[in-house]
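Trainee: One structure coming up, written as structure tokens, with questions to follow.
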Amino acid sequence: MTVTTSTVGGLVLAAGAGRRFGVPKALVTLSGEPLVQRCVRMLTDGGCAPVLVALGARATDVIRSTGLPEEQVVLASDWAVGMSASLRRGLTAFAADEGSPAAPADGGRNSRGRKNSRGRNSESWNSGQRLAGHAGVEAVVIALADQPLIGAEAVCRLLAAHAAGAVAAVASYGGQPRNPVLLHRTVWAEVSALAHGDVGARAWLRTNPDRVVMVPCDDTGSPYDIDTPDDLAALVTSSPSTSGPTETRPTTSGSAASAGRPLAPPGSGGRPPRVDPPA
């Protein structure tokens, strides 16, 4: 795998509550590794730096359980709105001028409008922090934490498309646009303006097809999406490359492509995988 030198950052969207799973999927592990850390590693191995993680639901628990450094986290305090909130928050963090903090979406208040004794929500301590080097980032690769089979080579190919002049590039599987997605700094404001609810960059990508480069990634991995504990269990029991100890923390009750479509994950009986559209 060849990593392309670039000024491209990475953004992991992991702010959701994971209602179908029972816990935020940022708390879920695969082969002993938190999905969110796995996604950070994938972006880093693909050549992205820095990599930020947009958290929301139970952000404090996620940081405590996964060991994510505070300086790597941006809080989407309005995460319940949907994916658009975490996308917008992440792009805001990267877009902020050097030395100028990116203001939290709710002014530092939590969903009930309360502040703690220091005048800020206990789960948004870093909402206005700036990380050195953001102003120099020309583009960002956006990935979802719940797609653990996407490979770092897909990120490398998106970076190569960026180096060739693309302002937007989307990994495709079987000719269909999936994730991850690369967006140049010049389109972040437009993307944020069109994002709404659970629709992130997809609205802008569909509105501007002539500005989007499709990057075939059929041989780099799979866009298989983990939505439920059954999805995770099926993946673990059927794929030697991902088998190993798994858990969700805290405990609760409760790909390549072929013939023009994404391949089903091993053991799925040939059913096509669940795939999220581009973030």
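The values are calculated or read from the model by the stated rules, or taken from the named source; none is laboratory data. Nothing here was measured: the structure is a model prediction, and the numbers come from that model. A quick note on method: Cβ atoms are made from the backbone with ideal geometry, for glycine too, and the neighbour counts reach across all protein chains shown.
Trainee: In the range 169-196, what count of residues is obtained for those that are among the small types (Gly, Ala, Ser), farther than 15 Å from residue 220 by Cβ and within 16 Å of the chain's Cα centre (by Cα)?
Mentor: Result for the range 169-196: 2.
Trainee: Mind telling me which of the residues 163, 154 ends up being crowded, with 24+ Cβ neighbours inside 10 Å, among the small types (Gly, Ala, Ser) and out of contact with any helix residue (DSSP H, G or I) (no Cβ under 8 Å at 6 or more places or on another chain)?
Mentor: Going through 163, 154 in turn, the sole match is 154.
Trainee: Right, another one. Give the residue that is farthest from residue 33 (Cα to Cα), with candidates limited to residues of the range 145-163 that are of a type outside the set (A, V, I, L, M, F, W, C) and out of contact with any Phe, Trp or Tyr (no Cβ under 7 Å at 6 or more places or on another chain).
Mentor: Checked the range 145-163; the qualifying residue farthest from residue 33 (Cα to Cα) is 162.
Trainee: Separate question: Among strands (runs of 3 or more DSSP E) lying entirely in the range 1-91, which contain 3 or more residues that are on the phi > 0 side of the Ramachandran plot and not basic (Lys, Arg)?
Mentor: none
Trainee: What pairs come up if the first residue lies in the range 154-166 and is at pLDDT below 95, the second is assigned to a loop (DSSP other than H, G, I, E, B), and their beta carbons are under 6 Å apart, counting only those six or more places apart or on different chains?
Mentor: Close Cβ pairs satisfying both conditions: none exist.
Trainee: Could we say that residue 210 is among the acidic types (Asp, Glu), modelled with pLDDT of 90 or more and more than 22 Å from the chain's Cα centre (by Cα) here?
Mentor: yes
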